[in-house]
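A.B. asks: Dumping the structure here so I can ask a few things about it.
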């Protein structure tokens, strides 16, 4: 019989209370207990970044975080990022630049890219490459992904300057 | 299958030390080493899992009387963002800059890297060169006590340290390096980020009129623990790093390291890396 603990945290802006096994990972909690399947399980040891989420405003590998440690913290998953203006901007840029192939790495990359753009709005290609070094894509190269992130950063920068929709005229479906 | 019988997240160092005194505790901080080691079955859980992340005494970077105290919970990202670390502990800052990925740097703690005691631990090599000490907290007689162990005496083997199961690493303390001290950290891996070093080198010295003084050298992944290289330091002390001195230093280093062959590199390749890259980092610093 393994120990359980009661935790309370904010998930994508919503207050949650949960009882979790002491050694459960945050990734397992998100996917299996809360049904948020956008965060992907791949390597399970922090090498690939498919499970990247934001905790208290910083990205980390949810496969390496104990669910118990979520207590009192603020989590944002790809579902939360996608609902934001920046998430929408990123999604459109990934589509427009053909940066998605099988798509498995995409949620982790979107979360990591949102963090990168928030903290380094003017990131050049080298800075983007550095920023996503913890995210693996096994389908293709990284060129289109890097271009998509730069594109999103640029569009967002322009939109912020003008206070406008970053993708005027495009559907947001 | 081991079972965790109790999960506890203490709110003070005193409380954490009390829990450790009772015994059979696995300490959790950033989780970036604990989780994969536990999942791979390399580290069986003790009956008590203690999450120290809410212990305020383990947080923060502070300077007092020429000593920098880095709390065990300070993350690699926090070290990178610290002006004090960047400006005065450049060797440590450089190692943090080469450390894993953004996601790992945001979670991994300095204390965790020290206690995990990997022979290839990225921060351990600059910490050794910067003459850091581990501050260990325990409560042997009902009172909180601190024991300071120089890092040169802290590591006893791969994953092993002199820390007792009843002790908690509270902080790492570093004397501020002398004025004019400059250094370079070098890490060799097959990927720029997220790779375990095949070898790593921390070299630092004060350079005055082309002469090296206060020379400090440490190596990672070339012995069962990260090591200082005192005989190599002695070869360089007070000398100008010309070609002959560089070769003499490289030869001294080869006599001080004991690399093995494993999945990351052969013994031969590690020796070649040390010989050539030591010369390079000395030259970089010597030409400042």
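The values are calculated or read from the model by the stated rules, or taken from the named source; none is laboratory data. Quantities reported herein were computed from a predicted structural model and do not represent experimental measurements. Because the Cβ atoms are built from the backbone with ideal geometry, glycine has one as well, and the counts that use them run over all protein chains shown.
A.B. asks: Taking the residues in region B:113-135 that are farther than 18 Å from residue B:67 by Cα and out of contact with any helix residue (DSSP H, G or I) (no Cβ under 8 Å at 6 or more places or on another chain) as candidates, determine which candidate is surrounded by the most Cβ atoms within 10 Å (Cβ to Cβ).
C.D. replies: B:119
A.B. asks: Moving on. Which is more than 27 Å from residue A:132 (Cβ to Cβ) and modelled with pLDDT under 95, of B:142, B:152?
C.D. replies: Answer to the selection: B:142.
A.B. asks: Looking at B:95, B:120, B:137 in this structure, which one is assigned to a loop (DSSP other than H, G, I, E, B) and either outside the structural domain of residue B:221 (by TED's automatic domain parsing) or at pLDDT 95 or above (or both)?
C.D. replies: So the residue among B:95, B:120, B:137 that is assigned to a loop (DSSP other than H, G, I, E, B) and either outside the structural domain of residue B:221 (by TED's automatic domain parsing) or at pLDDT 95 or above (or both) is B:120.
A.B. asks: Related question: Does residue B:90 fit the bill of being farther than 30 Å from residue A:5 by Cα and at pLDDT below 95?
C.D. replies: No: the conditions fail for residue B:90.
A.B. asks: Give the number of residues within region B:17-39 that are more than 8 Å from chain A (Cβ to nearest Cβ) and over 16 Å from residue A:69 (Cα atoms).
C.D. replies: Here the count works out to 10.
A.B. asks: Regarding region B:62-69, can at least one residue be identified that is under 18 Å from the mean Cα position of the chain (by Cα) and within 9 Å of chain A (Cβ to nearest Cβ)?
C.D. replies: Looking through region B:62-69, none of the residues is under 18 Å from the mean Cα position of the chain (by Cα) and within 9 Å of chain A (Cβ to nearest Cβ).
A.B. asks: Among the candidates A:87, A:72, A:80, A:38, single out the residue that is at pLDDT 95 or above and at positive phi.
C.D. replies: Of the residues listed, the single one that is at pLDDT 95 or above and at positive phi is A:72.
A.B. asks: Those residues that are under 10 Å from the mean Cα position of the chain (by Cα) and either in a strand (DSSP E or B) or within 10 Å of chain B (Cβ to nearest Cβ) (or both), I need them from region A:62-78; list them, please.
C.D. replies: If the condition is that a residue be under 10 Å from the mean Cα position of the chain (by Cα) and either in a strand (DSSP E or B) or within 10 Å of chain B (Cβ to nearest Cβ) (or both), then A:76 is the only one that fits.
A.B. asks: Let me ask you something else. Out of B:203, B:219, I need the residue that is in a strand (DSSP E or B) and touching a helix residue (DSSP H, G or I) at 6+ places or on another chain (Cβ under 6 Å). Which one?
C.D. replies: None of the other options fit; the residue is B:203.
Residue-by-condition table, conditions (1) away from every other protein chain (no Cβ under 11 Å); (2) crowded, with 19+ Cβ neighbours inside 10 Å; (3) not in a strand (DSSP E or B):
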site	(1), (2), (3)
A:17	yes, no, no
A:37	yes, no, yes
A:40	yes, yes, yes
A:44	no, yes, yes
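A.B. asks: Considering only region A:15-31, I want to know if a residue exists there that is out of contact with any helix residue (DSSP H, G or I) (no Cβ under 9 Å at 6 or more places or on another chain), under 21 Å from residue B:6 (Cα atoms) and at pLDDT 95 or above.
C.D. replies: The answer is yes; a qualifying residue exists.
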